[in-house]
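Visitor: Got a structure for you, written out below as structure tokens; questions coming shortly.
The values are calculated or read from the model by the stated rules, or taken from the named source; none is laboratory data. On a predicted model such as this, the values are computed, not experimentally measured, just so you know. Neighbour counts run over all protein chains shown; Cβ positions are idealised from the backbone, glycine included.
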Amino acid sequence: MNIQIIGTKKCSDARKAERFFKERRIQFYYRDLTEKGLAKGELDNITRSIPLEELIDKEGKQFQKRNLSFMVYRIEEELLSDPLLLKTPIVRNGKDSTIGYQPEIWSKWINTDK
């Protein structure tokens, strides 16, 4: 398994995702969006399993702060320039990705890997 958790330390669901994999002794890589955003290739890989429109957090503080609800914008450009607009956590396992806290899907990944 090649697990990558993308989120922020303030996000409670990202912390729950971390705890989920730690409790099962599954190694993972954690990417903190406050330190480093996504590259275009990474975003392209994620959008293979999650539509681009679902990745932007329209209820989040960053979306409100930037007044994007009153603007016309390209989602991909905004997500690449401001990674704090992403819904978190994004959990990747190779080509598969989930958004939010999805322990049922992660358990399936673990069981199929055994």
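Visitor: Would you please name the residue that is farthest from the chain's Cα centre (by Cα), looking only at residues in the stretch 52-80 that are part of a helix (DSSP H, G or I), hydrophobic (A, V, I, L, M, F, W, C) and farther than 15 Å from T8 by Cβ? Spell out the reasoning first.
Guide: Initially, the stretch 52-80 is screened for residues part of a helix (DSSP H, G or I), giving 52-55, 61-65, 68-70, 75-80.
Retained after the next criterion (residues that are hydrophobic (A, V, I, L, M, F, W, C)): 52, 55, 63, 68, 70, 75, 79-80.
Those left that are additionally farther than 15 Å from T8 by Cβ: 52, 68, 70, 75, 80.
Working: L52: 12, L68: 20, F70: 25, I75: 15, L80: 13 Å.
Here the answer is F70.
Visitor: Follow-up. Inspect the stretch 70-78 for any residue being among the charged types (D, E, K, R), over 26 Å from D113 (Cβ atoms) and either surrounded by 14 or more Cβ atoms within 10 Å (Cβ to Cβ) or in contact (Cβ under 8 Å) with a residue 60 or more places away in the chain (or both) and give the result as yes or no. Steps first, answer last, please.
Guide: Step one: filter the stretch 70-78 for residues among the charged types (D, E, K, R), giving 74, 76-78.
From what is left, the residues that are over 26 Å from D113 (Cβ atoms) are 74, 76-78.
If we keep only those that are either surrounded by 14 or more Cβ atoms within 10 Å (Cβ to Cβ) or in contact (Cβ under 8 Å) with a residue 60 or more places away in the chain (or both) too, we end up with 76, 78.
Checked the stretch 70-78: at least one residue is among the charged types (D, E, K, R), over 26 Å from D113 (Cβ atoms) and either surrounded by 14 or more Cβ atoms within 10 Å (Cβ to Cβ) or in contact (Cβ under 8 Å) with a residue 60 or more places away in the chain (or both).
Visitor: OK, next. State yes or no: is I56 at pLDDT below 95 and in contact with a helix residue (DSSP H, G or I) (Cβ under 7 Å, 6 or more places away or on another chain)?
Guide: Details: at pLDDT below 95: yes; in contact with a helix residue (DSSP H, G or I) (Cβ under 7 Å, 6 or more places away or on another chain): yes.
When the stated conditions are applied, I56 passes them.
Visitor: Among the residues of the stretch 19-35, how many are within 15 Å of L80 (Cβ to Cβ) and either assigned to a helix (DSSP H, G or I) or touching a helix residue (DSSP H, G or I) at 6+ places or on another chain (Cβ under 8 Å) (or both)?
Guide: From the stretch 19-35, those within 15 Å of L80 (Cβ to Cβ) are 31, 33; that's our starting set.
In the following step, the residues that additionally are either assigned to a helix (DSSP H, G or I) or touching a helix residue (DSSP H, G or I) at 6+ places or on another chain (Cβ under 8 Å) (or both) were identified as 33.
Within the stretch 19-35, residues that are within 15 Å of L80 (Cβ to Cβ) and either assigned to a helix (DSSP H, G or I) or touching a helix residue (DSSP H, G or I) at 6+ places or on another chain (Cβ under 8 Å) (or both) number 1.
Visitor: Looking at (1) exposed (fewer than 13 other Cβ atoms within 10 Å of the Cβ); (2) more than 28 Å from I110 (Cβ to Cβ), which is the only condition R48 fails?
Guide: (2)
Okay, residues lined up against (1) over 16 Å from I110 (Cβ atoms); (2) at pLDDT 95 or above:
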residue: A14; (1), (2): yes, yes
residue: A17; (1), (2): no, yes
residue: L38; (1), (2): yes, no
residue: E42; (1), (2): yes, no
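Visitor: Name the residue that is surrounded by the most Cβ atoms within 10 Å (Cβ to Cβ), counting only residues in the stretch 81-107 that are over 13 Å from the mean Cα position of the chain (by Cα) and either over 16 Å from Q27 (Cα atoms) or of a type in the set (F, W, Y) (or both). Don't jump to the end; show me each part of the working.
Guide: First, pick out the residues of the stretch 81-107 that are over 13 Å from the mean Cα position of the chain (by Cα): 81-82, 94-95, 103-107.
From what is left, the residues that are either over 16 Å from Q27 (Cα atoms) or of a type in the set (F, W, Y) (or both) are 81-82, 95, 104-106.
Values: S81: 9, D82: 17, K95: 10, E104: 8, I105: 13, W106: 21.
Checked the stretch 81-107; the qualifying residue surrounded by the most Cβ atoms within 10 Å (Cβ to Cβ) is W106.
Visitor: Under 7 Å between Cβ atoms, at least 6 apart or on separate chains: pull out the pairs that start in the stretch 5-18 with a residue that is assigned to a loop (DSSP other than H, G, I, E, B) and end on any residue that is not charged (D, E, K, R).
Guide: T8/A14; T8/L33; T8/T34; T8/T88; C11/T88; C11/P89
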